[in-house]
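Note sheet for the following structure.
The values are calculated or read from the model by the stated rules, or taken from the named source; none is laboratory data. Since this is a predicted model, take the numbers as computed values, not measurements. Here Cβ is always computed from backbone atoms with ideal geometry, including for glycine, and neighbour counts include all displayed protein chains.
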Amino acid sequence: MKQLGSRRDWIKTSAALAGCASLMSGINLARAVTPTDYKGSARLRLSLAAYSFRDYFKDLDHTRDKETDAARRIDMFDFIDYCAAQGCEGAELTSYYFPKDLTESYLLRIKRHAFVRGVSISGTAVGNTFTHTDPTRRGKEIAHVKSWVDRAAILGAPHIRVFAGGAQSGQSLDTAKKVCIEALEECGEYAATKGIFLGIENHGGIVADATAIIQIVQAVKSPWVGINLDTGNFHTDDVYGDIASCAPYAVNVQIKADIHAKSQPKQAADLGRLVKILRQAKYRGFVALEYESKPDPYEAIPKLLSELRTLFAA
């Protein structure tokens, strides 16, 4: 074995090893997305969520909220065409509306179609519950999310929306949060190998307010996990305040036409105020309109997209 030639060589080698150890420590202990990750000015990129047409997809894995004319129903290719026609930079391809017998070939066709239509696939979204008390059931939820990490990688989608879930029967809130964090870390570690961000949505349950969801995200040891900020999902006393608190942790934003504060009737969202909040947080990423209001989406969505486009450009 070659001997170190001098004390100076030993010092250099020791410093290099210490640097490697520090780097590895940083990788292993890296936290989720933090407010310091966004630097410079905000950049808001307009997208549209497929969920906006949830009653109109030919393929869907849930019951329709209302019956729709079969002649107006669409598939994912049609949805991408619609996004292109509306001038959207992105399209969020919700997992619920892909064929059940989904193949890699189909995903690649979708990817090509989006590319030639000039539309970026801004992300996808899955339905899951990370708080199941039964490890086997929870394992299936984790496997489901991982399967969509693989699919997102094929599509070239940078982000997946995931849920937390609620405290289950007989389960304490602390335990629910603990198993959710563990599941997020496992999925986040896998997503990191594919370069995919996971955004946990403020979707009620154990993440019903800003404090709760931020605590969970801060506890997750993965720089590939952040918040999927849904502006219509807080039902607290201070909806806009909660949105502002979460915005610095957002890796994706779903913007809604309505808000529903606690003890208040549902009302139209102040889109200008929401855009201002995102700018103040220096958010740089996609803002997907996720339309859930009652009026016909084919009539309402173009107007909302136009309003958002104007606000983004101001």
| query | Looking at region 42-59, which of its residues are more than 19 Å from the chain's Cα centre (by Cα) and either crowded, with 17+ Cβ neighbours inside 10 Å or of a type in the set (Asp, Glu) (or both)? | reply | Asp55, Tyr56, Phe57, Asp59
| For region 273-300, which residues satisfy the criterion of being of a type in the set (A, V, I, L, M, F, W, C), closer than 15 Å to Pro35 by Cα and not in a helix (DSSP H, G or I)? | Ala281
| Criterion violated by Tyr283 - all others in (1) over 16 Å from Leu311 (Cα atoms); (2) touching a strand residue (DSSP E or B) at 6+ places or on another chain (Cβ under 8 Å) satisfied | (1)
| said: Here are the criteria: (1) β-branched (Val, Ile, Thr); (2) without any contact (Cβ under 8 Å) to a residue 60 or more places away in the chain; (3) crowded, with 21+ Cβ neighbours inside 10 Å. Tell me which single one Val217 does not satisfy. | reply: (2)
| said: Checking the structure you have, find out if any residue of region 191-209 is over 18 Å from the mean Cα position of the chain (by Cα) and of a type in the set (S, T, N, Q). | reply: no
| Matching entry among Arg72, Arg54, Arg43, Arg8 (being more than 22 Å from Lys256 (Cα to Cα) and modelled with pLDDT of 90 or more) | Arg72
| List pairs: first in region 142-163 and within 10 Å of Lys194 (Cα to Cα), second of a type in the set (Gly, Ala, Ser), Cβ under 7 Å, 6+ apart or cross-chain? | Val149/Ala191; Pro158/Gly123
| request: Could you figure out which of (1) surrounded by 16 or more Cβ atoms within 10 Å (Cβ to Cβ); (2) in contact (Cβ under 8 Å) with a residue 40 or more places away in the chain; (3) not aromatic (Phe, Trp, Tyr) isn't true of Ile74? | output: (2)
| said: Show the residue pairs meeting these rules: Cβ distance below 8 Å; 6+ apart or different chains; first residue within region 164-177 and farther than 9 Å from Ile206 by Cα; second residue in a loop (DSSP other than H, G, I, E, B) and among the hydrophobic types (A, V, I, L, M, F, W, C). | reply: Thr175/Ala167
| field | Number of positions in region 250-272 that are outside any loop (DSSP other than H, G, I, E, B) and more than 13 Å from Glu307 (Cβ to Cβ) | value | 8
| said: Under 8 Å between Cβ atoms, which residue pairs at least 6 apart in sequence (or on different chains) link something in region 301-314 that is part of a helix (DSSP H, G or I) with a partner that is polar (S, T, N, Q)? | reply: Ile301/Ser52; Ile301/Gln86; Pro302/Gln86; Leu305/Gln86
| said: Restricting to region 110-141, and then to whatever is among the basic types (Lys, Arg) and touching a residue at least 12 places away in the same chain (Cβ under 8 Å), can you tell me which residue is nearest to Asp174 (Cα to Cα)? | reply: Arg138
| query | If you check Lys256, Lys294, which single one turns out to be modelled with pLDDT of 95 or more and over 12 Å from Asn202 (Cα atoms)? | reply | Lys256
| query | Do the conditions hold for Thr136, that is, is it within 13 Å of the chain's Cα centre (by Cα) and polar (S, T, N, Q)? | reply | no
